[in-house]
Amino acid sequence: MVDIAHQAAINPASAKDAAMARALVPLAAIDPGQWRALAQRAIEPNGYYLPAWELAVSATARGRTDASALPAFDGSSKRLIGLMPVISLWQALKIPLPALVSAHPYGTLCSPLIDRDAPIEAAARLLQQAREAGAHALVLNDVALDGAAMNALKEVLNRDGLKPRVLSSYVRASLDATQDGETMLRNALGTKKLKELRRQRHRLQEHGPVVFEIARKPDDIRPALETFLQLEASGWKGKRGTALIQHAGDATFIRRAVPALADTAQCEIITLRAGTTPVAAGIVLRHQDRAFFFKLGIDERFARYSPGTQLTLDLTRHLCADPAIASADSTASADHPMINPIWRGRIAIGDVLIPLRRNDPVVALIHGALVSLNVAREAARRVAHRLRKSGKATPPPVR
């Protein structure tokens, strides 16, 4: 194993990696009509793998361009029944081993699109496509571990005598939007906390009437997007240099994706205003009966009034009142201090290594390389945490 790993390390741009890249289908080559039709039939919603979103990401988003696709077609080779956007392990993590990694679509969900009318056939064909591209393994990052897409893949793997390995996992907040919004918020937060939030809202009204706005149509959503971008850049993300508008490729992606999804009623921007001043805004994607809370920006001059929380309360009421929405994924980090107390549902999310052949020694190499990388990252996080505790670094506010 050491010899194989050493040989791989000194040949990072191997002929095998180049051959894999040539065998894959460029993401932009997938027929968008077929892609949209598959998304409508997907066994599990994923707003971040809708074509208007992922194509925009792959075209210009910083560090996320040039994704390829594993497409699965039915027996007639005419109907698209599965789609998994991917990049090579080298492109993703600079690990020179023959594996494919789910292309990261900016949002933290990479569950592939699998046809609900043929889930097992679609899953099997996706895995076979990966084999034919020369991959020994798939690395699916940020997938719903108990989701229908992962369950279909596990059924095929079990049939073939293969077992996926969970590399890391966490749970994040989700919303059961079939409940009455006010009842849900009262049960989640309690009377005392809601009273305090109402007091803060009344104080916010001293700056003008507090209004919750929803932009859906393309002509309305474009100015709302610019408001969001300015709010995001005005806060801690702007100070860290991670706001969307601060990078040309990211700004181009979001300005392309949001109006395109608004055309199909799959995106909306929510804004909270005090008088004419926007104090918080967020982007929400919609796919089938699920919403995805992508990002939140606030005006930190109004931080004492909890504008991000106030906006999330209004979003909760909005989603619970919408019969088309059954659930919402926060797509937030684990133990998120703002949204976890409000949205009490939980989704298990993880990174999964899927072997493509039985008893394959190369999979052990891939697994070892990924574990080593995770250990190094965790050590770096611990160092950063100690620095923050010692006062040598300042942690950013949530979201």
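For this structure, a couple of remarks:
- When the chain is described by a simple charge dipole with +1 on each Lys and Arg Cβ and -1 on each Asp and Glu Cβ, the residue from Pro119, Ala332, Tyr49 located farthest towards its positive end is Ala332.
- Charged-residue dipole, Cβ positions (Lys, Arg, Asp, Glu), the stretch 50-131 about Cα centre, Debye nearest 20: 200
- Within the shell of other residues whose beta carbon sits under 14 angstrom from the beta carbon of Asn359, the net charge comes to +1, with Lys and Arg scored +1 and Asp and Glu -1.
- Amide proton proximity set for Asn141, modelled H, under 5 Å, gap of 5+: Ser102, Val352
- Spin-label pair Arg301-Arg386: with each label point 7 Å from Cα along the Cα-Cβ axis, the two points sit 4.1 nm from one another.
- Assuming charge only on the beta carbon of Lys and Arg (+1) and of Asp and Glu (-1), the dipole of the chain about its Cα centre is about 1420 debye to the nearest 20.
- Projecting the Cα positions of Ala137, Leu89, Phe73 onto the charge dipole of the stretch 70-207 (unit charges on Cβ atoms of Lys, Arg, Asp and Glu, taken about the Cα centre) puts Leu89 furthest along the positive direction.
- Multiplying the residue separation of Gln179 and Gln230 by 0.36 nm and subtracting their alpha-carbon distance yields 15.0 nm.
- For the chain, with +1 on Lys and Arg beta carbons and -1 on Asp and Glu, the positive-most of Gly107, Thr264, Ile354 along the dipole: Gly107
- Of the residues Arg216, Arg358, Arg382, the one that moves most in a GNM of the chain with alpha-carbon contacts below 10 Å is Arg382.
- Angle in degrees between helix 248-263 and the longest Cα principal axis of the chain, rounded to the nearest 10: 80
- Once the chain from Asp74 to Asp160 is taken as fully extended at 0.36 nm per residue, the excess over their C-alpha distance is 29.0 nm.
- Separation of the Asp335 and Gln205 label points, Cα + 7 Å toward Cβ, nm: 3.7
- Computed lengthening from Arg358 to Asn187, 0.36 nm per intervening residue step minus Cα-Cα distance: 56.7 nm
- Couplings 3J(HN,Hα) of the stretch 268-278, computed from phi: 8, 10, 9, 9, 10, 10, 10, x, 9, 8, x Hz, in residue order, whole Hz [Karplus 6.51 cos²θ - 1.76 cosθ + 1.60, θ = phi - 60°; x for Gly and Pro].
- Set of aspartates and glutamates with alpha-carbon distance to Lys193 below 14 Å, sequence-local pairs under 8 removed: Glu182
- Structure note, pairs Lys195/Lys295; Lys163/Lys237; Lys78/Lys154; Lys239/Lys295; Lys94/Lys163: Cα-Cα distances above 28 angstrom occur for Lys163/Lys237.
Here, each number is a calculation from the coordinates, and none is a lab measurement. Note that the structure is predicted; figures quoted are calculated from it, not measured. Positions of Cβ are generated from backbone atoms using ideal geometry, with glycine treated the same way; all protein chains shown enter the neighbour counts.
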